[in-house]
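Below: the structure, in structure tokens.
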Amino acid sequence: MSLRKQAISGTFWTALASTVLAVIQILRLSILTRFLEKSDFGLVAIVVLVLGFTQIFTDLGISISLFSRHDITKKEYSSLYWVSLLLGGFLYIVVSLSAPLVATFYNQPELALLIPVMGLDLVFSTAGRQFRIFRQKELKFKSLALIDIVTSAISLGIAVWVASEGGGAWSIVYSTLFASFTSSVLLIISGLRSHPLVWYINFSEGKSFYKVGLFQTGSQILDYVSSQLDVIIIGKLMGTAELGVYNLVKQLVMRIYALVNPILTRVFIPLLAKLNEDLPLLKAHYLKMLNIAAFVNFAIYGAIALSARELLTIIYGPTFANSAIILQLLCLWGGVASVMNCASSLIVATGKTELGFRWTIVRVIANPVFIIVGYQYGLIGIAVAQMLYALVFYSFYWALVIRKILEMLSYAEYLKTISYFLLCSASLFVILTYLKTYLVSSQNIWVTLIPFGIMYLLGYAAVNRHLIMSLLGTYLKKA
């Protein structure tokens, strides 16, 4: 199969899996909000915060570094696998022992038991991660999609069953562990056929991987702290109920983030990695990825912002309708952050993780300033701070990272990938919100969503009419 056909197939299966997983996640949250208290979601948010930070250390970024190497031997990847697995087990012990301290810090005794049980996810995910990376690198996305879809669908049933029996926060914990364990087992069974392991550990032979991985790990640590500062502050100073509300709204935004970005990054990172010695071609494909990311993200986030109150009522219930303004603000943050996340694919594809590390140092210094100032004005203030931060640092990212890798990529070309779609989506949001509020006065979600979609597509067609006419001409010639 040609590279082009592999890319198309990979995009299809990744898109299918990401869509199904996003629907399952939203459906799970929607159902669980009918059974669980807001404080239960706050507890789970704290557990995920702690484990998310710890999970960064499980393989020191080694799995990510595998993308930039094409000549890895059996002994090398075996050594990397066993080191990662041992590290995952060690970190699980650390997490379990620190659980009482976390429970005391947040004054939530339930965390002392929730964290060690949920912490098993560290071991499960570590065991299967390297085999997942190999399949992504080989563009074998169909098997990955099927594994993720099946395990997530079953985990949804487990979550609903446990919640209906009064399991509270444990419904999320048990369902997550099932999905993680089953997925890893299937990845290991299928992965051992193409990449069999041998018992071999040699730290000196893996220095090149550790170098890339350590920079990646450093970046992830700082980036995680920076991105989760809002959760840390709300959980400590505002309580689990407020954290539950904010995190549920943020999770809705992140579900879209998790839906669109993997479709692009999982397919484009291996492709970009194959082109990292041909800079003109690398630039062309990179800009194509950013354009697709901006077009799709701002269309989806604009539509969500436009119907925020109605969506929150449908998904989480009427008690969440007043959080619409928070969702709208976070939609702008999510759109810009999603495109910036795709932009970071260039770092992984080229192995220039030291640049990502330096960039994250800047982030971790600057983001707390925005969050702390925003905290003074409550949950809405924090949402505004996140939005402003994303807008400001999108340009800084080009100056500090992108141009260091692709000198031929100008700032104008980089900015163009986001500016038009952002302005188009924001303008339609303002116009249609005014019409819905003062002229139509309808709560029907489709009254604004359909016009938004049509006008957004027409705006795209107007700007890209030359490309569309070229494609149409090619089609007519073939016909």
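The values are calculated or read from the model by the stated rules, or taken from the named source; none is laboratory data. All figures in this text were calculated on a predicted structure; none of them were measured in a lab. Cβ sites come from the backbone with ideal geometry, for glycine too, and all protein chains shown count toward neighbours.
Counting just the residues of the range 77-119 that are of a type in the set (S, T, N, Q) and part of a helix (DSSP H, G or I), which one comes out surrounded by the fewest Cβ atoms within 10 Å (Cβ to Cβ)? Reasoning before the result, please.
First, the residues of the range 77-119 that are of a type in the set (S, T, N, Q): 78-79, 84, 96, 98, 104, 107-108.
If we keep only those that are part of a helix (DSSP H, G or I) too, we end up with 78-79, 84, 96, 98, 104.
Working: SER78: 19, SER79: 23, SER84: 21, SER96: 16, SER98: 16, THR104: 12.
This residue is THR104.
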Residue in the range 200-223 that is modelled with pLDDT of 75 or more and either part of a helix (DSSP H, G or I) or touching a helix residue (DSSP H, G or I) at 6+ places or on another chain (Cβ under 9 Å) (or both) present | yes
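Does ILE158 satisfy the criteria of being touching a helix residue (DSSP H, G or I) at 6+ places or on another chain (Cβ under 9 Å), within 18 Å of ILE26 (Cβ to Cβ) and part of a helix (DSSP H, G or I)?
Working: touching a helix residue (DSSP H, G or I) at 6+ places or on another chain (Cβ under 9 Å): yes; within 18 Å of ILE26 (Cβ to Cβ): yes; part of a helix (DSSP H, G or I): yes.
Yes, satisfied.
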Within the range 361-381, is there a residue that is buried (at least 19 other Cβ atoms within 10 Å of the Cβ) and closer than 26 Å to SER427 by Cβ?
-> yes
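Which of the residues spanning the range 107-156 are aromatic (Phe, Trp, Tyr) and at pLDDT 80 or above? Walk me through how you get there before you give the answer.
As a first pass, look at the range 107-156 and keep what is aromatic (Phe, Trp, Tyr): 124, 131, 134, 141.
Those that are aromatic (Phe, Trp, Tyr) and at pLDDT 80 or above: PHE124, PHE131, PHE134.
A quick yes/no check of all residues on (1) at pLDDT 75 or above; (2) part of a helix (DSSP H, G or I); (3) within 18 Å of ALA99 (Cα to Cα):
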site	(1), (2), (3)
GLN6	no, yes, no
GLY10	no, yes, no
TRP13	yes, yes, no
LEU16	yes, yes, no
THR19	yes, yes, no
LEU27	yes, yes, no
ARG34	yes, no, no
LEU43	yes, yes, yes
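For the range 381-405: of the residues being β-branched (Val, Ile, Thr) and within 26 Å of ILE234 (Cβ to Cβ), which is modelled with the highest pLDDT? It would help to see each step written out before you state the result.
Taking the range 381-405 and keeping what is β-branched (Val, Ile, Thr), we get 382, 384, 392, 401-402, 405.
Add one more test, that the residue is within 26 Å of ILE234 (Cβ to Cβ), and what stays is 382, 384, 392.
Working: ILE382: 87, VAL384: 91, VAL392: 86.
Looking at the filtered set, the residue picked out is VAL384.
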Could you please tell me which pairs satisfy a Cβ distance under 6 Å, a separation of 6+ or placement on different chains, a first residue in the range 315-328 that is closer than 12 Å to TYR246 by Cα, and a second residue that is buried (at least 16 other Cβ atoms within 10 Å of the Cβ) and among the basic types (Lys, Arg)?
-> ALA324/ARG309
